[in-house]
Structure formats: structure tokens, C-alpha cells
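The values are calculated or read from the model by the stated rules, or taken from the named source; none is laboratory data. Please read all numbers here as calculations on a predicted model, not as lab measurements. Here the Cβ positions follow ideal geometry from the backbone for every residue, glycine too, while neighbour counts run over all protein chains shown.
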Amino acid sequence: MPETILLAHGSGGKLAHRLIEETILSDLTNPMLAQMDDSAVLDLSGRTAFTTDSYVVSPIFFPGGDIGKLAVCGTTNDLAMSGARPLYLSLSFIIEEGLPLSDLRRVLTSIHETAREAGVQIVTGDTKVVNRGSADKLYINTARIGKIAEGTNISGGNILPGDKVILSGSIGDHGIAIMSKREGLHFSTDLQSDCAPLAAMVADIIAAGATIHALRDPTRGGLATTLNELSEQSHVKIVIEEELIPLRDEVLGACEMLGFDPLYVANEGKLVAFVPPEDAETVLASMRGNRYGAQAAIIGEAVSANTPSVVMKTVLGASRLIDMLVGDLLPRIC
Amino acid sequence: MKYASEFRQGRLASGLIEKIKRSSRTPVNFMEFCGSHTVSIFRYGIRQVLPETVTTLSGPGCPICVTANADLDRAIALAQIPNVIVASFGDVLRVPGSFTSLQAVRAEGADVRVIYSAMDAIKIAEDNPNKQVILLGIGFETTTPTIAASIVQAKQENLDNFSVLSWHKLTPPAMKALLDAGDVALDGLICPGHVSIITGSQAWEFIARDYGIPCVVAGFEPLDILQCIDMLVTQAENGEAKVEIAYTRGVQHEGNTVAQRLMSQVFEPCPAQWRGMGTIPDSGLKLREEFSSFDAERVFDIDPGPTREPKGCICGEVLRGVKTPIDCPLFGRTCTPESPVGACMVSSEGSCFTYHLYGGKNA
């Protein structure tokens, strides 16, 4: 087999079959995929969550992850934020002609490992190859199905005044890790993307018996944008404190250099939870017990208000409005 | 020393705030020249914690905001010439010229590339020998030395497809013009930190001496700015006017002499048009004769035609500190960061953008 992807690999002919059998299935195989039918047949009952996302990150390999890990984590996390246990994943590749086969293999290995950690089966997929220049190396689309446990009702619209805001760790790691590797902007940092599957952490919090009103993973647009979305959805004012927000020195330093506000920088392995005050310590302890939540912190609370807004108390004790992200902070970070 | 977090400590800040409150008796107007200072002041809510006697005004210190429409139109026209690549820092792309923007002509097929350093433009020129690469040289004294370095390198390499459209501007002449216009009465100047790293604090001595206005160079962290305001209040209360540095970890009296020499090797002062402030003598920089083959103004003969200013936009008065963004009838209505009318709403250091981001109508 040639060592780069050719247009013929997407033609549905012999090369395509060999690519699927020798490269993709060898990494991702499971009984349902192995049947090679046109569709996966699933047995579902009860409340089911369904979500989709596309991944176009550049570069496709970055410190702490790659486009494959990102695709599995991103979709898993979207599902976990409604309290669902992830079950099945679809995986669709759009590949630019000329992609080294070794790059595709590396991404597949990463998908396989992340899917295993997240406890999800890849049950259907597709591969297309486009002309050089029509895509940038590799794009991935995923969709995912998960089951919502009886009695779980987590939604961005459920936040009540008095709820504590709990953040699972430091912000901005993903955005800055990607930025550090972008063409024309190499700067030296040991920072890794925080890209991680969060379903296990969510399961732990639910299992701890705490009431959770809302969960959201602050990806593109950062914490600021996520809090604004939630504030509008639940019609509350959210007040956070600058000094309580976990932030790595590397991220702070890079943000200063690049002129970014870390509140707007993307994360791929963090979540923010809104819980009644009496359950806050339980949720915090549960998060901190998870490998992806060791730095979790209570960063503020929701209060009642006529107009939804997000306000941050600064280190000086002043307060300022936190708006949504305007425009594009970093191009193609996920 | 940690250069950011150590200068953000709430406990130290409250000590400084108390000190300012104790010592400030006479009402004073201080201007922060620099857009980065405006951003910090809003980001940390510094105006809220100052006593009523201390008012801070935002000045014209955002290079993108002060770029005249005529200059933008020229860059846009250059970008539309076949086989030309325009290399630009990101923010410039969205700034509306008289009729369109670099972003819009890029969408229509012009080759406009975002760069992060001047050397990226040299690399693009080396990689594209059959195309002409034009670097938009924008910025105050802070960025000019890096553009000068790229021109020196291009000359050493005999690059014949690289040129610079110089929009570079000098800050002390602009400050002088602002004071001479007499629109605003100032009791103190928060002098720009990054600019002063290059120029040295000496650049502001004429303001203290000739205009009797206290000057303090400040860094960009909340403690830097509070310390600067404390020093300005002390000078004002004591009836003094001198140049001091509240940013000693970055700025010295004489500045960066290597960078200064590099700048004057490549550039010489010329009159420059500032948005909202008109033409200010000796406030711009053009390439010296020996570097004329790298001067886009000379390499390309471009006449983009008459300019047009957006109706109702008060960017000019905002830049002079005469009005604030919320005085503008367009602010937050027809002019927003998503669909900006004036440059001050585009640049991340523009006053209008900062007001909108950090406070909206309640700024």
C-alpha cells in the first residue's frame, strides 16, 4: 500500500476497501463494526442523548493530544454534560489527498485509546478523500449516542439563584497549547492541551448523590462564553471571583504576550457545574478525586437578576461585566 | 520574579488604593496614552476603586485606531494587484477603510496573510520569489524596530520582492499635538510602558518641562497602574511636574539604544496623518533614501482615490480624549465589535472595543 492517502482511497473501490480493512478496522475493530453492514443496528430504550460535532483543528497533532483524541473527547463530553453515559460513536473522516498514512494510523491509535478510556464503541463510520487543497490534512465528524440514567435532569436551563459554580480545573490550557504550535507563532512552553474525556468524572459526581442543576464544558469561547450561555438559558446573574479561578502561570504568561484574556481561551477537558450550595462540597470532593479534576475549585455563584449577566470580581475588588467572545480569538482550535 | 501574577496581588493593591484615597484631595484628570493601559484599567475595574477626585481619560494610543482611511485604502488597493501578497498583523484586516476592508478583499480572492512577526513576511517573500510581498508596517516605537530589522535583513539578502508600507507613528509628537490643541486639560500623564522601553522615559521630559504636567511611565498589571496613579497624585498634590518611572523592571531613562539606532538607520521622521487628529509634523516614519527600493510607496504607484469617513462616527473625538465612546450615538447600536463602523471598535486595544467588552452601555 502506498504511504500516502490517494484520491482512490476514497473511491469505494479496492484501495478504499484495503484502507478500511487494513488500517481503520485493525485499530478500531469491535463486533458491530466487523459486520461491515451499511448501518449499525442499536437496541435503545429509555431517555437517550444524541449529539454531533466536527473537528478541523490545525495542527492535527499538538502537545497533549491530536485531532482523533479531540474528536472522541469532544463528542463524549457534550453528551456527558447532559448526564448521559456514552455508548455509541460514529466516526467520519474527510482526508486531504497526500496525508501520510502514518499520520492517519497515529490518529486512529489515539481514537482507539481514547474510546476505550471513555467506554464507548465506534459502531459506524465513513471515509472520504478530497483533492489536495480542498481540506487541510484531516477533518473528523463524530456523532454519539448515550443513555440518561433514571431521575437525572441536568440542563443549562435549570440553574437556580444560590447555586455554586464549580470549575474542574485550570482554564486556557488547550487554546494556548495549540497556539504555541501554530505556524509563525512557535513559542516554547511545556504546556499540554487539557483534552480529556469527562464522562467518568460526571458519573462520579452523579454517583456521589449530589444534585446537579447544570453542567457545561467550556470549549470554544472559553469560560466567559459558556457562563454567558448558561446565564441566559437560566435567566440568572452569575458572579465569579477572579482570584478563585485556577490558572497556570504558563497560560497567564502566554496570554499576556499574545494579548488574550484567559477567560476566552478554549478548554477541551474542563467542566463547570452548577449545584445547590448544600451539595457544593460533595461535588468538589468528587471532582478532586478524579484524575481530570484535581484542581477543581468553587469560583462563584448564581444570583437572581432581572437581566441575565456574568460579572467578575477582580483582584482589586472591583467588578466588571464578562461578555461573550466576539469574533474569532484563535482560528481552528478544535 | 513572576512578571504577571506578582503584580496582581489583591492585598498589595488595597494598600495602594487606600494610599491614593488618603493623599488625593484636588480633583485631577489623568490620561492614559496607551490602549493597553485602557484595557488593563477596564479589565481590573481600576476606575471603580479610585477616589472620585481621580478621573482617567483614554488617549490615542492604539496604532490601528489612528491609521487614516487614506492609508487603509492604499493597502486595500495594493492587495488587489495581481501577484501581490499583503502581509499584515491580524487586527488590521477587519478595520474598515473608506469602502471596504482587507478582510473583504481577501474573501474576494486577494492574497492577504496574517503574520505574527515582521520576519514572517521575509519568509513569505523568500518562499514566493515570483510574487511581491508588501508588509504593512504599523505601530508605535514598540514595533518599529522589528520592522526596521526586517528591512535591514531584506537588504542584506538582496530580496527584490519585499517592501514595507510604512504607517509607523511616533508617540511624543502626537502627545504634543494633543496638548497644543487644548481640547483637554490634563493634570497628569500615564506614559506608555512598551513605547518607553524603546524611547526611554526621557521622551516625556518635554511634557513635564514645557507643559508642567506630571508624567509617570507605567507597566500593565494592576499594581503597576495603581503605583503610577499614586505617584501622579503625589506630584499633583505637591505641585510638581517631573518624569518618573513606575515600571522600573522594563523602562530606563535612556531606553533601548540599540533599537533606537536601528530605527534611525532605516527610517526618518515625516509628517503623518492621524485619524481624528489630522496631519502632525514629524510624527510619522518613512524609509530613508538608501532603503527606497523597500518602500512600497515608491515601488508601487497607487492612487486609491478620494476617502470617505463613516457618518456619525466620533472616533476622532474619542481618540483625543474629548469624548468617551458612550457619548457616540452609534456606540452599541449600529457600531458593535461584530459590525464595527470605526476603527476604535475593531482593535482589541481600541477605546470603543474596550468600553463595549468590559462594560457595554454601563461602562
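List of remarks:
- Members of segment A:3-30 that are within 24 Å of A:V41 (Cα to Cα), surrounded by fewer than 18 Cβ atoms within 10 Å (Cβ to Cβ) and of a type in the set (S, T, Y): A:S26, A:T29
- With respect to (1) assigned to a loop (DSSP other than H, G, I, E, B); (2) touching a residue at least 60 places away in the same chain (Cβ under 8 Å); (3) farther than 19 Å from B:L178 by Cα; (4) more than 14 Å from chain A (Cβ to nearest Cβ), the lone exception for B:S348 is condition (4).
- Residue in segment A:164-179 that is at pLDDT 90 or above, of a type in the set (D, E, K, R) and surrounded by fewer than 24 Cβ atoms within 10 Å (Cβ to Cβ) present: yes
- Residue satisfying all of: in segment B:86-111; buried (at least 22 other Cβ atoms within 10 Å of the Cβ) and hydrophobic (A, V, I, L, M, F, W, C); farthest from B:S150 (Cα to Cα) among these: B:V95
- Where B:V164 falls short, out of the listed (1) modelled with pLDDT of 95 or more; (2) part of a loop (DSSP other than H, G, I, E, B); (3) under 26 Å from B:S283 (Cβ atoms): (2)
- In the set B:I147, B:I151, B:I225, B:I190, only one residue is closer than 29 Å to B:A70 by Cβ, touching a His at 6+ places or on another chain (Cβ under 8 Å) and either surrounded by 24 or more Cβ atoms within 10 Å (Cβ to Cβ) or charged (D, E, K, R) (or both); that residue is B:I147.
- Subset of segment B:351-363 that is of a type in the set (G, A, S) and assigned to a helix (DSSP H, G or I) - its residue that is farthest from the other protein chains (Cβ to nearest Cβ): B:S351
- Single unsatisfied condition, A:V239 versus (1) within 14 Å of another protein chain (Cβ to nearest Cβ); (2) more than 17 Å from A:P276 (Cβ to Cβ); (3) not in a helix (DSSP H, G or I): (2)
- Selected residue (criterion: farthest from the other protein chains (Cβ to nearest Cβ)) from residues of segment A:293-315 that are crowded, with 22+ Cβ neighbours inside 10 Å and touching a Ser or Thr at 6+ places or on another chain (Cβ under 8 Å): A:G293
- Residues of segment B:29-52 classified as assigned to a strand (DSSP E or B) and either out of contact with any strand residue (DSSP E or B) (no Cβ under 8 Å at 6 or more places or on another chain) or within 14 Å of chain A (Cβ to nearest Cβ) (or both), total: 1
- Conditions (1) in contact (Cβ under 8 Å) with a residue 12 or more places away in the chain; (2) more than 14 Å from every other protein chain (Cβ to nearest Cβ): number failed by B:T279: (1)
Yes/no matrix, rows are residues, columns are (1) among the charged types (D, E, K, R); (2) outside any helix (DSSP H, G or I):
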{"residue": "A:R18", "(1), (2)": "yes, no"}
{"residue": "A:S26", "(1), (2)": "no, no"}
{"residue": "A:V57", "(1), (2)": "no, yes"}
{"residue": "A:L79", "(1), (2)": "no, no"}
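- Tally, over segment B:121-130, of residues that are outside any loop (DSSP other than H, G, I, E, B) and surrounded by fewer than 18 Cβ atoms within 10 Å (Cβ to Cβ): 3
- So A:A285, is it assigned by TED's automatic domain parsing to the domain that holds A:E229 and under 20 Å from the mean Cα position of the chain (by Cα): no
- Scanning segment B:285-301 for residues that are assigned to a helix (DSSP H, G or I) and surrounded by 19 or more Cβ atoms within 10 Å (Cβ to Cβ) yields B:F291, B:F294, B:A296, B:V299.
- Only one of B:A149, B:A104, B:A118 that is touching a residue at least 40 places away in the same chain (Cβ under 8 Å) and aliphatic (A, V, I, L, M): B:A149
- Condition met for B:A13 (away from chain A (no Cβ under 11 Å), outside any loop (DSSP other than H, G, I, E, B) and in contact with a Leu (Cβ under 7 Å, 6 or more places away or on another chain)): no
- Yes/no for B:V66 being away from every other protein chain (no Cβ under 14 Å), over 25 Å from B:D301 (Cβ atoms) and aliphatic (A, V, I, L, M): yes
- Considering A:L87, A:L91, the condition of being surrounded by 23 or more Cβ atoms within 10 Å (Cβ to Cβ), at pLDDT 90 or above, in a strand (DSSP E or B) and not acidic (D, E) is satisfied by A:L91 alone.
- Within the option set B:I190, B:I151, B:I134, being at pLDDT 95 or above, of a type in the set (A, V, I, L, M, F, W, C) and under 22 Å from B:A236 (Cβ atoms) holds for one residue only, B:I190.
- Residue in segment A:131-154 that is closer than 23 Å to A:L44 by Cβ, without any contact (Cβ under 8 Å) to a residue 40 or more places away in the chain, of a type in the set (G, A, S) and surrounded by fewer than 22 Cβ atoms within 10 Å (Cβ to Cβ) present: yes
- Criterion applied to B:T26, B:T55 was being surrounded by fewer than 16 Cβ atoms within 10 Å (Cβ to Cβ), β-branched (V, I, T) and assigned to a loop (DSSP other than H, G, I, E, B), and the one residue passing it is B:T26.
- Positions within segment A:262-285 being crowded, with 24+ Cβ neighbours inside 10 Å and assigned to a helix (DSSP H, G or I), in sequence order: A:L263, A:Y264, A:V283
Listed here are the residues, each with its yes/no results for (1) over 23 Å from B:T55 (Cα atoms); (2) in contact with a helix residue (DSSP H, G or I) (Cβ under 9 Å, 6 or more places away or on another chain); (3) at pLDDT below 95.
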site: B:E221; (1), (2), (3): no, yes, yes
site: B:M231; (1), (2), (3): no, no, no
site: B:Y247; (1), (2), (3): no, yes, yes
site: B:F267; (1), (2), (3): yes, yes, no
site: B:F291; (1), (2), (3): yes, yes, no
site: B:F294; (1), (2), (3): yes, yes, no
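- Residue check for B:P304: more than 14 Å from chain A (Cβ to nearest Cβ), part of a loop (DSSP other than H, G, I, E, B), over 20 Å from B:S101 (Cβ atoms) and modelled with pLDDT of 85 or more: no
- Taking segment B:190-284 and the helices (runs of 4 or more DSSP H) fully enclosed by it, the elements with 1 or more residues that are under 20 Å from B:W167 (Cβ atoms) are at B:193-199, B:257-266.
- Qualifying positions in segment B:21-45 - β-branched (V, I, T) and either at pLDDT 95 or above or farther than 19 Å from B:P325 by Cα (or both): B:T26, B:V28
- When A:T211, A:T225 are checked against the criterion of being under 30 Å from A:L316 (Cα atoms), of a type outside the set (K, R) and touching a residue at least 12 places away in the same chain (Cβ under 8 Å), a single residue qualifies: A:T225.
- Single residue of segment B:315-338 satisfying the filter (facing chain A (nearest Cβ under 10 Å) and not charged (D, E, K, R)) that is surrounded by the most Cβ atoms within 10 Å (Cβ to Cβ): B:P337
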